[in-house]
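The structure appears below as C-alpha coordinates.
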Amino acid sequence: MNYAVPKEVMNKLKNNATFAKNSETDKKLTNKEEYIKEAKAKYDSYDENVWMKAYFDNDTGGYNVYHEWHNFAKKGGGGDAEITVGKILAKHNGKQVEFLPEGGKKSPDLNFDNKTWDIKFINNANETTIRNHIKDARKADNAIFFWDTKDKLFELNSAINREVGRLAKGQIGRLPDIYYIDENGLLKSLWKNLKGVYATP
(Lines give C-alpha, C1' and ligand atoms only; values in the text may rest on other atoms or scores of the structure.)
Protein backbone atom coordinates (compact mmCIF):
# COMPACT_ATOMS: atom_id res chain seq x y z
CA MET A 1 0.00 0.00 0.00
CA ASN A 2 1.41 3.43 -0.93
CA TYR A 3 0.98 6.34 1.44
CA ALA A 4 1.34 9.91 0.22
CA VAL A 5 3.60 12.04 2.37
CA PRO A 6 1.85 15.32 3.24
CA LYS A 7 3.30 18.35 1.44
CA GLU A 8 4.15 20.22 4.66
CA VAL A 9 6.09 17.16 5.93
CA MET A 10 8.02 16.95 2.64
CA ASN A 11 8.88 20.66 2.84
CA LYS A 12 10.08 20.24 6.42
CA LEU A 13 12.25 17.26 5.42
CA LYS A 14 13.68 19.21 2.49
CA ASN A 15 14.46 22.20 4.71
CA ASN A 16 16.14 19.95 7.29
CA ALA A 17 18.15 18.26 4.54
CA THR A 18 19.23 21.65 3.20
CA PHE A 19 20.20 22.79 6.68
CA ALA A 20 22.11 19.57 7.31
CA LYS A 21 23.88 19.91 3.96
CA ASN A 22 24.83 23.53 4.63
CA SER A 23 26.02 22.64 8.13
CA GLU A 24 28.13 19.84 6.69
CA THR A 25 29.58 22.24 4.10
CA ASP A 26 30.44 24.75 6.84
CA LYS A 27 32.02 21.94 8.86
CA LYS A 28 34.12 20.82 5.88
CA LEU A 29 35.27 24.40 5.23
CA THR A 30 36.28 24.80 8.87
CA ASN A 31 38.00 21.43 8.79
CA LYS A 32 39.71 22.35 5.52
CA GLU A 33 41.15 25.51 7.03
CA GLU A 34 42.39 23.51 10.02
CA TYR A 35 43.75 20.80 7.72
CA ILE A 36 45.67 23.34 5.59
CA LYS A 37 47.08 24.92 8.75
CA GLU A 38 48.23 21.51 10.06
CA ALA A 39 49.68 20.57 6.65
CA LYS A 40 51.65 23.83 6.50
CA ALA A 41 52.99 23.23 10.02
CA LYS A 42 54.07 19.74 8.98
CA TYR A 43 55.69 21.08 5.80
CA ASP A 44 57.52 23.79 7.76
CA SER A 45 58.79 21.22 10.29
CA TYR A 46 61.05 19.38 7.81
CA ASP A 47 64.72 19.76 8.66
CA GLU A 48 66.20 21.99 5.94
CA ASN A 49 69.60 20.34 6.39
CA VAL A 50 68.07 17.12 5.05
CA TRP A 51 64.96 18.12 3.09
CA MET A 52 64.42 20.78 0.44
CA LYS A 53 60.95 22.30 0.72
CA ALA A 54 59.99 22.47 -2.94
CA TYR A 55 56.25 23.16 -3.12
CA PHE A 56 53.24 23.79 -0.88
CA ASP A 57 49.69 24.13 -2.19
CA ASN A 58 47.54 26.51 -0.12
CA ASP A 59 44.29 25.14 -1.59
CA THR A 60 44.83 21.43 -0.96
CA GLY A 61 47.51 21.18 1.75
CA GLY A 62 49.54 19.00 -0.58
CA TYR A 63 53.28 19.49 -0.75
CA ASN A 64 56.62 18.24 -2.07
CA VAL A 65 59.82 17.87 -0.08
CA TYR A 66 63.00 16.49 -1.64
CA HIS A 67 65.45 14.47 0.44
CA GLU A 68 69.03 15.59 -0.12
CA TRP A 69 69.92 12.08 -1.33
CA HIS A 70 67.11 11.85 -3.85
CA ASN A 71 68.58 11.52 -7.36
CA PHE A 72 66.54 13.10 -10.13
CA ALA A 73 67.38 11.00 -13.19
CA LYS A 74 68.86 13.06 -16.01
CA LYS A 75 68.31 10.42 -18.69
CA GLY A 76 65.17 10.53 -20.84
CA GLY A 77 63.36 13.27 -18.92
CA GLY A 78 62.70 11.01 -15.92
CA GLY A 79 63.82 13.58 -13.35
CA ASP A 80 61.64 16.29 -14.88
CA ALA A 81 58.72 13.85 -14.94
CA GLU A 82 59.20 13.09 -11.23
CA ILE A 83 59.10 16.80 -10.40
CA THR A 84 56.00 17.28 -12.58
CA VAL A 85 54.18 14.28 -11.06
CA GLY A 86 55.09 15.38 -7.53
CA LYS A 87 53.55 18.80 -8.10
CA ILE A 88 50.45 17.28 -9.74
CA LEU A 89 49.99 14.96 -6.76
CA ALA A 90 50.17 17.91 -4.35
CA LYS A 91 48.14 20.42 -6.38
CA HIS A 92 45.39 18.23 -7.84
CA ASN A 93 45.27 15.37 -5.34
CA GLY A 94 46.30 17.01 -2.05
CA LYS A 95 49.10 14.52 -1.46
CA GLN A 96 51.92 15.26 0.97
CA VAL A 97 54.82 13.87 -1.02
CA GLU A 98 58.29 13.03 0.23
CA PHE A 99 60.91 12.34 -2.44
CA LEU A 100 62.93 9.60 -0.74
CA PRO A 101 66.68 9.09 -0.47
CA GLU A 102 67.85 6.71 -3.18
CA GLY A 103 70.60 4.17 -2.81
CA GLY A 104 70.92 2.46 -6.16
CA LYS A 105 68.07 1.07 -8.24
CA LYS A 106 66.28 -0.72 -5.41
CA SER A 107 64.83 2.38 -3.75
CA PRO A 108 61.33 3.73 -4.48
CA ASP A 109 60.93 7.36 -5.52
CA LEU A 110 58.24 8.70 -3.20
CA ASN A 111 56.36 8.28 0.03
CA PHE A 112 52.81 9.51 0.65
CA ASP A 113 49.67 8.06 2.24
CA ASN A 114 52.02 5.83 4.28
CA LYS A 115 53.02 3.91 1.14
CA THR A 116 56.00 3.91 -1.20
CA TRP A 117 55.60 4.83 -4.85
CA ASP A 118 57.70 4.59 -8.00
CA ILE A 119 57.19 6.94 -10.96
CA LYS A 120 57.55 5.62 -14.48
CA PHE A 121 57.72 8.06 -17.41
CA ILE A 122 56.49 6.31 -20.57
CA ASN A 123 56.29 8.91 -23.36
CA ASN A 124 58.43 6.76 -25.68
CA ALA A 125 57.74 3.34 -24.17
CA ASN A 126 56.23 0.38 -26.00
CA GLU A 127 54.46 -2.51 -24.25
CA THR A 128 57.70 -4.44 -23.62
CA THR A 129 59.36 -1.41 -22.03
CA ILE A 130 56.28 -0.78 -19.89
CA ARG A 131 56.36 -4.41 -18.70
CA ASN A 132 59.98 -3.90 -17.68
CA HIS A 133 58.95 -0.76 -15.79
CA ILE A 134 56.25 -2.75 -13.97
CA LYS A 135 58.84 -5.36 -12.96
CA ASP A 136 61.22 -2.66 -11.75
CA ALA A 137 58.44 -0.95 -9.76
CA ARG A 138 58.05 -4.04 -7.54
CA LYS A 139 60.49 -2.29 -5.18
CA ALA A 140 57.57 -0.02 -4.19
CA ASP A 141 54.02 -0.59 -2.93
CA ASN A 142 52.62 1.32 -5.91
CA ALA A 143 53.65 2.52 -9.36
CA ILE A 144 52.50 5.72 -11.09
CA PHE A 145 52.75 5.74 -14.88
CA PHE A 146 52.97 9.17 -16.47
CA TRP A 147 52.99 10.44 -20.04
CA ASP A 148 52.38 13.87 -21.53
CA THR A 149 52.31 13.10 -25.25
CA LYS A 150 50.02 10.66 -27.08
CA ASP A 151 47.79 8.43 -24.99
CA LYS A 152 49.54 5.36 -23.58
CA LEU A 153 46.58 3.82 -21.75
CA PHE A 154 46.11 0.98 -24.25
CA GLU A 155 49.77 -0.10 -24.06
CA LEU A 156 49.77 0.25 -20.28
CA ASN A 157 46.63 -1.89 -19.87
CA SER A 158 48.03 -4.50 -22.23
CA ALA A 159 51.32 -4.63 -20.30
CA ILE A 160 49.44 -4.93 -16.98
CA ASN A 161 47.33 -7.82 -18.31
CA ARG A 162 50.47 -9.67 -19.43
CA GLU A 163 52.13 -9.21 -16.04
CA VAL A 164 48.96 -10.18 -14.15
CA GLY A 165 48.91 -13.34 -16.27
CA ARG A 166 52.48 -14.13 -15.20
CA LEU A 167 51.51 -13.45 -11.59
CA ALA A 168 48.51 -15.79 -11.80
CA LYS A 169 50.78 -18.55 -13.16
CA GLY A 170 53.25 -18.05 -10.30
CA GLN A 171 56.00 -16.82 -12.62
CA ILE A 172 56.46 -13.70 -10.48
CA GLY A 173 55.89 -13.19 -6.77
CA ARG A 174 54.13 -9.85 -6.65
CA LEU A 175 53.09 -6.72 -8.51
CA PRO A 176 52.71 -3.19 -7.21
CA ASP A 177 49.32 -1.53 -7.35
CA ILE A 178 49.34 0.47 -10.59
CA TYR A 179 48.09 4.03 -11.12
CA TYR A 180 48.30 6.72 -13.77
CA ILE A 181 47.71 10.48 -13.93
CA ASP A 182 44.66 11.29 -16.04
CA GLU A 183 44.14 14.33 -18.28
CA ASN A 184 42.73 16.32 -15.32
CA GLY A 185 45.76 15.62 -13.16
CA LEU A 186 43.97 13.09 -10.96
CA LEU A 187 45.60 9.93 -9.66
CA LYS A 188 43.63 6.98 -11.06
CA SER A 189 43.88 3.30 -10.19
CA LEU A 190 44.36 0.77 -12.99
CA TRP A 191 45.22 -2.39 -11.08
CA LYS A 192 45.10 -3.41 -7.42
CA ASN A 193 45.84 -6.53 -5.48
CA LEU A 194 42.74 -6.69 -3.29
CA LYS A 195 42.96 -9.21 -0.45
CA GLY A 196 44.75 -11.72 -2.62
CA VAL A 197 42.26 -11.37 -5.47
CA TYR A 198 43.80 -9.85 -8.55
CA ALA A 199 41.47 -7.54 -10.41
CA THR A 200 41.63 -4.86 -13.07
CA PRO A 201 38.90 -2.22 -12.78
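What strands (runs of 3 or more DSSP E) lie completely within the range 162-201 and have 2 or more residues being touching a Ser or Thr at 6+ places or on another chain (Cβ under 9 Å) and at pLDDT 90 or above? Walk me through how you get there before you give the answer.
On the way: elements: 177-181, 187-194, 197-199.
The qualifying strands (runs of 3 or more DSSP E) are 177-181, 187-194.
Kindly establish whether Glu68 is surrounded by fewer than 18 Cβ atoms within 10 Å (Cβ to Cβ) and over 25 Å from Ala159 (Cβ atoms).
Values: surrounded by fewer than 18 Cβ atoms within 10 Å (Cβ to Cβ): yes; over 25 Å from Ala159 (Cβ atoms): yes.
Against the criterion (surrounded by fewer than 18 Cβ atoms within 10 Å (Cβ to Cβ) and over 25 Å from Ala159 (Cβ atoms)), Glu68 qualifies.
Answer yes or no as to whether Lys139 is in contact with a helix residue (DSSP H, G or I) (Cβ under 9 Å, 6 or more places away or on another chain), closer than 28 Å to Lys42 by Cβ, charged (D, E, K, R) and crowded, with 17+ Cβ neighbours inside 10 Å.
Values: in contact with a helix residue (DSSP H, G or I) (Cβ under 9 Å, 6 or more places away or on another chain): yes; closer than 28 Å to Lys42 by Cβ: yes; charged (D, E, K, R): yes; crowded, with 17+ Cβ neighbours inside 10 Å: no.
Against the criterion (in contact with a helix residue (DSSP H, G or I) (Cβ under 9 Å, 6 or more places away or on another chain), closer than 28 Å to Lys42 by Cβ, charged (D, E, K, R) and crowded, with 17+ Cβ neighbours inside 10 Å), Lys139 does not qualify.
Could you please give the count of residues in the range 55-82 that are part of a loop (DSSP other than H, G, I, E, B) and under 19 Å from Lys120 (Cβ atoms)? Working first, answer last.
Taking the range 55-82 and keeping what is part of a loop (DSSP other than H, G, I, E, B), we get 57-62, 68-74.
From what's left, under 19 Å from Lys120 (Cβ atoms): 70-74.
The qualifying residues number 5.
Quick one: would you say Val97 is of a type in the set (Val, Ile, Thr), in the same structural domain as Lys192 (by TED's automatic domain parsing), crowded, with 20+ Cβ neighbours inside 10 Å and out of contact with any Cys (no Cβ under 6 Å at 6 or more places or on another chain)?
Yes: the conditions hold for Val97.
Cβ contacts < 6 Å: first residue more than 22 Å from Ile172 (Cα to Cα), restricted to the range 112-136; second residue of a type in the set (A, V, I, L, M) and not in a helix (DSSP H, G or I), any location; separation 6+ or different chain. Result?
Filtered contacts from the range 112-136: Phe112/Val97.
Return a yes/no flag: does the range 73-81 have any residue that is assigned by TED's automatic domain parsing to the domain that holds Ile144, surrounded by fewer than 21 Cβ atoms within 10 Å (Cβ to Cβ) and modelled with pLDDT of 95 or more. So that I can check it myself, show each step before the final result.
Of the residues in the range 73-81, the ones assigned by TED's automatic domain parsing to the domain that holds Ile144 are 73-81.
Keeping just the survivors that are surrounded by fewer than 21 Cβ atoms within 10 Å (Cβ to Cβ) gives 73-80.
This time we only want the ones that are modelled with pLDDT of 95 or more, so: none.
For the range 73-81, residues assigned by TED's automatic domain parsing to the domain that holds Ile144, surrounded by fewer than 21 Cβ atoms within 10 Å (Cβ to Cβ) and modelled with pLDDT of 95 or more: absent.
The values are calculated or read from the model by the stated rules, or taken from the named source; none is laboratory data. All figures in this text were calculated on a predicted structure; none of them were measured in a lab. We place every Cβ from the backbone using ideal geometry, glycine too, and count neighbours over all the protein chains shown.
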